[in-house]
Structures are given as C-alpha cells and as structure tokens.
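The values are calculated or read from the model by the stated rules, or taken from the named source; none is laboratory data. This one's a predicted model, so the numbers in the text were calculated from it and none came from an experiment. Positions of Cβ are generated from backbone atoms using ideal geometry, with glycine treated the same way; all protein chains shown enter the neighbour counts.
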Amino acid sequence: MSKDIEHHYALIERLTHQREGNQLCAAMGQIINELTGANYIKLHFINNESNDLSTTSDGLDNEQSLLSCKLNKIDLDIIKTLDTNTFDSEHPFIPHKAHTVMPLYSDMSVLGIIIINKEVPEKHKALLKVTLRIFVNQYTLINFCMKDALTGLFNRQAFDKIMKRLIDGKSMPSRRTKDAPGDWFFAIVDIDHFKQVNDKFGHIYGDEVLLLFSQIMNQSFRDDDILFRYGGEEFAIALRNVDEGTSNQALERLRYNVENFDFPQVGKVTVSIGYTSIKANNMVTSITDAADKALYFAKENGRNQIHHYEQLINNGSITATDYASEDVELF
C-alpha cells in the first residue's frame, strides 16, 4: 500500500472513529487544514425552520480547534451572495474572492457550508470531496442518534451530554451574533393526566398528542433554547440568556399555547412545569432534582401551572427534602 493511500485511509478512519458531533467537527477542521493549509475554517448549517444559513447548534469541545461555528462579518457577506440552488454536488469547491465555499450535501440537499481562506489544491480535491461526504454521513448518523424518533427533539442521550456541557461552564454558540453568554435556566414539563389520554383514546392518539405538543414547544421557544424529550410524557428545556422573569414568561407562553390548543379527538390538554437556574459545576442530578421538586409542587397544587424552585424555597412553600417523586401520585 502506498503512503498516499495509507494516509487517505487514516483521514477517513479519523472521521468514522468519532462518536460525538463536536469532536467530529473538530476532526474535520484538522483534516481540512492538513489538505489545504487553511487556518480560517468556518462551519455553518442550514436552519431547518427557515431554510437559512446560520450557526450550528453544536459547540466544539476543543476550544483550540481550527474549525469555528461563530458567524462574523466575512461569513455573513459570503452567505448573502450564495444561491444554494446553484450548488453542484459534483463540483463542491466554490471560489469566493480570497475564500472557498464547500457545500455539505445530504441526500442531494444542502445541509450547510464550510468556508475556508484557501484554494483547494488540485491534487487534494478528490480526497477532500470524498472526505466531505463521509463527514456529512457521520454527522447525520450522530445527529439521528441524538434525536427522539417520534418528536424530533433531543433525546435522553443528548440530554446527558448537553447538560454536562452547560454545567461545566462551556458555552453553546448562539444564532444571534449580538448575544453575550448569559444565565441558563432548566425546566421540566409534564403533560397532565397523560395516562388517561392513552387509556381513553389509545396509544395512537397519545403519540399524536406528544407529536403535536413537541411542535407547540418548537413554536413557543427561540432557536437557541434547547428542547428535549426527557422520557414518556416528560419534556425538558434549557433556556439560554434569561433571568427568572424572562424564563417564567417563556414557560408561561408554552403553558398558555398548550392550554388553548385543540388536540384532535382528545380535546384540551394542559401541562405542569417546574424550573430552576443552571449553576456551573453542579451535578446534573441536582439540577433535575430541583426542577422535579418544583414540578411536583405544581402537580399537587392543581396542575396547569408553573413554579420556580428557588422561589418556592425562599417563600417557605417547600424545603429541599420535600416532594420526593415516589411520594406523589401524578395521574
């Protein structure tokens, strides 16, 4: 085997070895640097809701990574001139002044772009073209494994990874370039009397409620807020750059939107919500436990309401040891 082919296999193996999105992106940045000499390597994905190019929702674990997903003026100027309808999967290297744009294709649709500050050397174009496809396939596979099959929200596996990142103090990039890193709040949402929905109408309508509810969640929060299906009829939200007042306002919007939606066959559905602040270096279990306690207070006091854990502690409504979940009848 020639050294060139051996090196090519090594690059491909480096990508397929990754099992986490941030590490995969960082590895791709290193490979592009090796093949092109570029030191300005920017990754931007298509926003599925608006079909616009914006920043990826993933951050990069390695802060020294060559690849970045933060938008700046150069990226914005390039993106404004791009017409995704003219992209050609067979010729994925688009010169743009002193930069090269490389579209990322998934099933012949554009997933996003990579911008670099170099031309791609002719001798490496074929290899980089294949490597880009492998990167997209691996990223899509990882992303699929992180999503709940029914609702499309992040699943419990993704929850554990993302929450650990947040409490470790690692920021998640924002789609809004003017946002400065701020506080995060965490909420657990439970659909009231969901067992009765399944018992009365069957699991098909129960699944439809879950699906429609997830769509209401997506419509009720900003792109930067992170939504999870926590398990069963429980959902979770990580709210970015908020204080207690604005987090309560956002959660009230969700509660109101659900209460005023007519679910086919089922009719009216309500939700109970408990939330807390995300404190750096806390255990994930302590944050979820605090939100759980506020949720169970809402359940025991009439449902269809929102409660803030720290506020309940401060006003003496609960203590830190009150409302263990096994003591409360939810349904």
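So which residues in region 144-172 are outside any loop (DSSP other than H, G, I, E, B) and surrounded by 18 or more Cβ atoms within 10 Å (Cβ to Cβ)?
Within region 144-172, 154, 158, 159, 162, 163, 166, 167 meet the criteria.
Suppose the filter is of a type in the set (Phe, Trp, Tyr) and out of contact with any helix residue (DSSP H, G or I) (no Cβ under 6 Å at 6 or more places or on another chain); does residue 135 pass it?
Judged against the criteria, residue 135 is not a match.
As an exercise: evaluate residue 305 against (1) out of contact with any Asp or Glu (no Cβ under 8 Å at 6 or more places or on another chain); (2) surrounded by fewer than 20 Cβ atoms within 10 Å (Cβ to Cβ); (3) closer than 30 Å to residue 45 by Cα; (4) at pLDDT 95 or above and give the number of the one condition it does not meet.
Here residue 305 clears every test but (3).
Which condition breaks for residue 225 when tested against (1) over 19 Å from the mean Cα position of the chain (by Cα); (2) crowded, with 20+ Cβ neighbours inside 10 Å; (3) closer than 20 Å to residue 152 by Cα?
(1)
Could you tell me how many of the residues in region 197-247 are out of contact with any helix residue (DSSP H, G or I) (no Cβ under 9 Å at 6 or more places or on another chain) and among the polar types (S, T, N, Q)?
6
If you go through region 282-302, how many residues are aliphatic (A, V, I, L, M) and out of contact with any strand residue (DSSP E or B) (no Cβ under 9 Å at 6 or more places or on another chain)?
2
Can you tell me which residue within region 18-66, out of those that are part of a loop (DSSP other than H, G, I, E, B) and at pLDDT 90 or above, is farthest from residue 226 (Cα to Cα)?
So, considering only residues that are part of a loop (DSSP other than H, G, I, E, B) and at pLDDT 90 or above, the one farthest from residue 226 (Cα to Cα) is 37.
Report the residue count in region 80-121 for those that are exposed (fewer than 12 other Cβ atoms within 10 Å of the Cβ), among the acidic types (Asp, Glu) and at pLDDT 90 or above.
0
Can you say whether residue 77 is over 17 Å from the mean Cα position of the chain (by Cα), farther than 21 Å from residue 128 by Cβ, among the charged types (D, E, K, R) and at pLDDT 85 or above, as far as the supplied structure shows?
yes
Given the structure, is residue 298 in the same structural domain as residue 210 (by TED's automatic domain parsing), closer than 30 Å to residue 204 by Cα, crowded, with 16+ Cβ neighbours inside 10 Å and in contact with a helix residue (DSSP H, G or I) (Cβ under 8 Å, 6 or more places away or on another chain)?
no
Keeping to region 1-41, report how many residues are farther than 15 Å from residue 102 by Cβ and in contact with a Gly (Cβ under 8 Å, 6 or more places away or on another chain).
Summing the residues that are farther than 15 Å from residue 102 by Cβ and in contact with a Gly (Cβ under 8 Å, 6 or more places away or on another chain) in region 1-41 gives 1.
Specify the residue that is surrounded by the most Cβ atoms within 10 Å (Cβ to Cβ); the eligible residues are those in region 7-17 that are at pLDDT 85 or above and of a type outside the set (A, V, I, L, M, F, W, C).
Among them, the one singled out is 14.
Can you tell me how many residues in region 68-100 are in a loop (DSSP other than H, G, I, E, B) and more than 25 Å from residue 22 (Cα to Cα)?
Going through region 68-100 one residue at a time, the tally reaches 8.
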